1. Given the convex hull over the Cα atoms of segment 60-108, what projected area results after averaging over all orientations, in nm²?
2. Would you mind calculating the gained length between PHE36 and LYS4 on full extension (0.36 nm times residue separation, minus the Cα-Cα distance), in nm to one decimal?
3. Per 10 Å bin from zero, what fraction in whole % of the C-alpha pairs of segment 55-160 is there, up to the bin with the longest pair?
4. Give me the distance between the Cα centres of segment 35-60 and segment 330-359, rounded to whole Å.
5. Once neighbouring chains are kept in place and the probe is 1.4 Å, which whole percent of the accessible area of segment 55-160 is contributed by carbon and sulfur?
6. With a probe of 1.4 Å, find how much accessible area segment 55-160 has per residue, and write the answer as a whole number in Å².
7. Cα centroid distance between segment 178-255 and segment 265-317, in Å?
8. For SER62 and ALA209 in one chain, what is 0.36 nm times their gap in residues minus the Cα-Cα distance, to one decimal in nm?
Amino acid sequence: MLIKIALVILFLIVTAFGVLYLQIFVLGKKRHKLAFDEEYEKERAKSYPPPFPNGWFSLGASDMVKKGQVVETTVLGQKLAVFRGEDGKVGVLDVYCPHLNANLAYGKVKGNNLVCPFHAWEFNTDGTCEHIPYCDKVPQGAAVKKWIVDENWGIIMVWYHANNELPTWNTEGHYTEIPQLKFHCRTSEVLRIHLQDFNENGADHAHFAYVHDLLTIPFANRWVTVKHQLDLQYGEGDKKNLAWFTDQADLHWRKSGKKIERAGGKAEVTFFGPGFLVFKFYTEIGDMTLVKTFTPIAQLKVRMDDYVYAPKGTFGLSIKYLLGEATTQFHDDIAIWERKKFAQKPLLVKGDGPIMKMRNWYSQFYSEPTSMGVENKMVAITENETSEVLKTSEVFA
Ligand code: FES
Ligand SMILES: [Fe+2]
């Protein structure tokens with residue numbers, strides 16, 4: 001009899017855990033499918049600022065190209081050949097050979113050079129043609145456009161500027177503690193968004209109470225709600241490409257409104273220009289760091305890659321839960337961004353947060369005129385034009 005009771009209890013426990021697991025890690029991740037409507041996408045695209053702001057953008061993880069390899073990638077509206085010479089240095093070149101436009105990404109790496117598959121001209125990482133096997137003389141100026149490359153944090157990044165200006169900042173030196181953390185996994189997905197919407201999200205204080213007030217734990221939302229306390233700071237001078245966003249998310253009892261102690265978490269986000277950011281999560285069940293990159297591929301088409309780190313010794317299931325929670329929160333936003341137009345003149349009210357201030361900061365990443373033929377340009381809007389800029393204590397959702 002006792003054994004039977006024990007088996008029933010065991011069965012109930014396993015079932016309860018199974019349901020929880022299913023809800024948190026499987027059903028909680030279900031997304032609304034978006035029907036792609038080309039005409040509608042064109043309409044949406046017209047409302048947005050240029051699709052490719054100026055900045056550093058990720059091509060992918062360092063292991064996308066090993067020594068002696070060449071791969072093709074499509075980013076920023078064009079195809080690039082990415083290769084790694086025997087010296088380990090990465091070269092990124094426009095994909096079409098200046099001779100007769102063969103695709104260099106289908107060539108091969110010889111020493112530290114990329115060899116065209118068509119007539120075997122050899123190009124170095126600067127894009128200069130160094131050797132033509134059947135001709136003594138290399139014509140002066142024989143070169144293919146090279147991209148400026150940085151390889152940090154295990155990511156290959158290129159500099160993009162609409163008017164071909166040189167980098168005004170670099171990707172080195174930030175977050176030196178990442179090598180001390182344990183790398184867990186990386187994820188990648190393509191979204192139909194403009195990457196500015198992601199940055200505006202932190203300044204859009206009001207939406208937190210309506211989009212980010214739930215947990216993925218089943219039934220928990222009947223009793224508890226998440227409230228956010230937000231703060232946003234912008235860099236100046238040689239740090240003007242940086243912005244910092246803090247979100248203290250606490251659990252509260254729905255009925256009494258009372259805060260549940262030690263049940264929330266804090267997120268600190270550093271934006272490094274338009275292309276990448278670092279999220280640090282601090283919670284009672286563990287800490288997690290996300291390096292998040294946004295690479296525009298075409299208009300309203302952005303690849304988002306996440307590189308997930310945590311302090312050594314952090315419980316694996318904690319990371320899985322935190323990552324699932326963060327991913328769900330992102331997707332709750334993304335579902336809205338993928339269906340919206342850009343409000344050039346939003347109707348803001350008290351409590352909306354410093355959206356215009358964020359736009360003002362972001363406008364430094366656009367050039368005029370842009371080379372992309374997009375007519376809409378971001379107008380720098382002063383802080384006074386927003387309804388108010390709230391202090392942390394005033395934005396309790
Ligand atoms: S097309 Fe590249 S070498 Fe001729
Ligand atoms: Fe959001």
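1. Averaging across all directions leaves 3.5 nm² for the Cα convex hull.
2. Working: separation 32, 0.36 × 32 = 11.52 nm, distance 5.43 nm.
Working it through step by step, the gained length comes to 6.1 nm.
3. Reading the bins upward from 0: 16, 52, 26, 5, 0.
4. 16 Å
5. 50 percent
6. So segment 55-160 comes to 45 Å² accessible per residue, rounded to a whole number.
7. 10 Å
8. Roughly 49.1 nm would be gained on extension.
The values are calculated or read from the model by the stated rules, or taken from the named source; none is laboratory data. Everything quoted here is computed from the prediction, not taken from an experiment. Heads up, the Cβs are rebuilt from the backbone with ideal geometry, glycines too, and the neighbour counts pull from every protein chain shown. Ligands, DNA and RNA are stripped out before the accessible areas are found, and what is left, the full protein with its side chains, is counted by its heavy atoms. Shrake-Rupley method; radii C 1.70, N 1.55, O 1.52, S 1.80 Å.
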